[in-house]
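Asks: I have a structure here, written as structure tokens, and I will follow up with some questions on it.
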Amino acid sequence: MHPPIEIIDRQNICLYQDVLEDLWRMRCRVAKRFNWSIPYLAEGLDKDEFDRDDTIYLVILNDDRRVVGCSRLIPSIEPHLLDTVFGDYCDLKPIPRSKNIWEFSRMFVDRDYVNLVSVVKSCYLLMSGVAELSVAHGLDGVTWYTSMPNYQAALACWRQTFPIGRPALHKPDNVIYVPAFSPIDSDGLVRIKERARHEGPVTQYIHRDGVRSLGEEVNVFENAKEVRHNAA
Amino acid sequence: MSFSERALAHMASASLDPNLAPIESLKSFLLSEGFTDFMAREMRNPFDPDFHTALEIYNGPNELRQIYMDRRDVLFDIGMKQCRRTTIPLTWKSLRDGATGPSREIIEYLADFGMRNGVVLIHREINREPIFVSVVGDVVNELSQDDLLMVQVICSHFLGLWLADYPASIDDVKELSRRELEILAASSIGLNGKSLEDHLNISSHTMRAHLRSIRQKLGANSMPHAVNIGMRYGLLDS
């Protein structure tokens, strides 16, 4: 049995202030372990300019409400990693960009809090969560900057995945990373759930009034759009 | 268009093809890029009948990247990480002397042609017979480091798609103990050697016994190979 992935957006963020703080600290620990050179690590928080009001977080919490796994989705029509930080790797082809394409980033699992065996399981859980959100809300897919092992895992489920830029060898861990676009449809959702052996929904959205049904009662992508509209 | 741009375009267009034959698509791309189709013939490994190299990429005399496929159709990429860890300064001669079976035959064959870069594809029927080897190589141009990374990506892409069509079976994988699963999972996130022993608080002797047992149970040649088998068969998911 897997824990549910909790979805956080601007509408329910007030319930998760402590969780977000913990999330940024956890991301910092994992990034240091990967020897990533990203800003803000010295301050103990990995919170960057893409952690915005319209960012959607997927988090796995343990029984103590500590963040053990996380990821985030950023709208591709707004500044995101692939058109800024990793823009140099995507200069060969136009980056897929539309209101129905979101960038999937910072898929981290903290092995300090999960059994080592569960690291891979948690990654699959997060990918299942992304697929579930995509299908529930009619997204076309996600773009991401991913390691080749994760690319291969995605390819096995999301068959239409393809690279959208030049690969790079990440020196600290000698792993090849590549920017990619993963179209996700209902077949892709079924495949990843089969591969990860997930039965039933893996995501849940908690509001002040209780648990809401994603896709039917709550559209987190529309919520984000509203945030951007209000800001404009 | 550069080589990398053409490779990206090929993968993007192939993703829209509902009748895609991944290996044929990869081979046709490499051939269209001026790689030479060296040979296509049946080949068996007299030394290790259960293990076959699925793909090898040579980059000059100093680097060998290998993507293996084992008898359960597991895609296994030791890549640069393995080369770095072993830090063996591979030379053309040492490759020839060190390789056995099809690899050695292929290398000798290619060396006779003066090949410096190359991609070796091995096609295999799902019933494991016959083994069909085709070698696609570049004898003319040195690949740049960037192009070589792209070759790695495009080969991994199409081999991954090819293998995704074959459902995994765990029938012939023996069950690992809880401790062995922990070690396998720790290996999957990059821990090895002393760091692995320290992390799990196990002596070197005990660790060696666990590692040997894991490899035997999974039929793996090495721990990276075992991790790949574990991931493919969901042993790390439970």
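The values are calculated or read from the model by the stated rules, or taken from the named source; none is laboratory data. What you are looking at is a predicted structure, and each value in this text was computed from that prediction instead of being measured. Here the Cβ positions follow ideal geometry from the backbone for every residue, glycine too, while neighbour counts run over all protein chains shown. To get the accessible areas, we keep the full protein, side chains included, count just its heavy atoms, and leave off ligands, DNA and RNA. Shrake-Rupley method; radii C 1.70, N 1.55, O 1.52, S 1.80 Å.
Asks: Where does chain A land at 222 nm, in deg cm²/dmol rounded to the nearest 500, when only DSSP H runs of n ≥ 4 count, each adding -39500 (n - 2.57), divided by all residues? Spell out each step's value before the answer.
Replies: On the way: 5 runs with 70 residues, N = 232.
Using -39500 (n - 2.57) per qualifying helix, the result is -9500 deg cm²/dmol.
Asks: Oh, and also: Pairs of Cα atoms under 8 Å, at least six residues apart: use those to get the relative contact order of chain A, whole percent.
Replies: Values: 409 pairs, mean separation 54.1, N = 232.
Dividing the mean separation by the residue count of chain A yields 23 percent.
Asks: When only the heavy atoms of the protein chains count and the probe is 1.4 Å, how do A:W36, A:W102 rank by accessible area, highest first? If you can, show how the numbers build up before the last one.
Replies: Details: A:W36 55, A:W102 5 Å².
These residues rank, largest area first, as A:W36, A:W102.
Asks: How many Å² of accessible area per residue for chain A, probe 1.4 Å? Spell out each step's value before the answer.
Replies: Values: 9590 Å² over 232 residues.
Per-residue accessible area for chain A comes out at 41 Å².
Asks: Same structure again: Based on the Cβ-Cβ distance of B:Q216 and A:S147, what FRET efficiency does E = 1/(1 + (r/R0)^6) give at R0 = 25 Å, to the nearest 0.05?
Replies: Details: r = 29 Å, r/R0 = 1.16.
Here the calculated transfer efficiency is 0.30.
Asks: Follow-up question, since we're still on this one. Calculated FRET efficiency, A:V211 and B:L31, Cβ-Cβ r, R0 51 Å, to nearest 0.05? The partial results should precede the final answer.
Replies: Numbers: r = 55 Å, r/R0 = 1.09.
Efficiency, from the Cβ-Cβ distance: 0.40.
Asks: Under 27 Å between C-alpha atoms is the cut-off here; go through chain A and count lysine pairs that meet it, provided they're at least eight residues apart or on different chains.
Replies: 13
Asks: Between A:A42 and A:E222, how many nm apart are label points set 7 Å from Cα along the C-beta direction?
Replies: 4.5
Asks: Starting from 0.36 nm per residue, how many nanometres of slack lie between B:S195 and B:A9 once their C-alpha separation is accounted for? Walk me through the numbers before you get to the answer.
Replies: Numbers: separation 186, 0.36 × 186 = 66.96 nm, distance 4.19 nm.
Between B:S195 and B:A9, full extension yields 62.8 nm more.
Asks: What distance in nm lies between label points placed 7 Å from Cα along the C-beta direction at B:D146 and A:D53?
Replies: 4.0
Asks: Quick one: grab the alpha carbon gyration tensor of chain A, order the square roots of its eigenvalues as a ≥ b ≥ c, and give me rounded if a/c is under 1.5, else prolate or oblate depending on whether a/b is larger than b/c. Write down the numbers at each step before the final one.
Replies: Details: a/c = 1.18, a/b = 1.12, b/c = 1.06.
In terms of gyration-tensor shape, rounded.
Asks: Any idea how far apart A:E78 and A:Q204 come out in nm if each label point goes 7 Å out from Cα toward Cβ?
Replies: Simple spin-label model gives 2.7 nm for this pair.
Asks: Something else: For B:S177 and A:H229, what is the calculated FRET efficiency with R₀ set at 51 Å and r taken between the beta-carbons, to the nearest 0.05?
Replies: Details: r = 56 Å, r/R0 = 1.09.
Once the sixth-power term is evaluated, E becomes 0.35.
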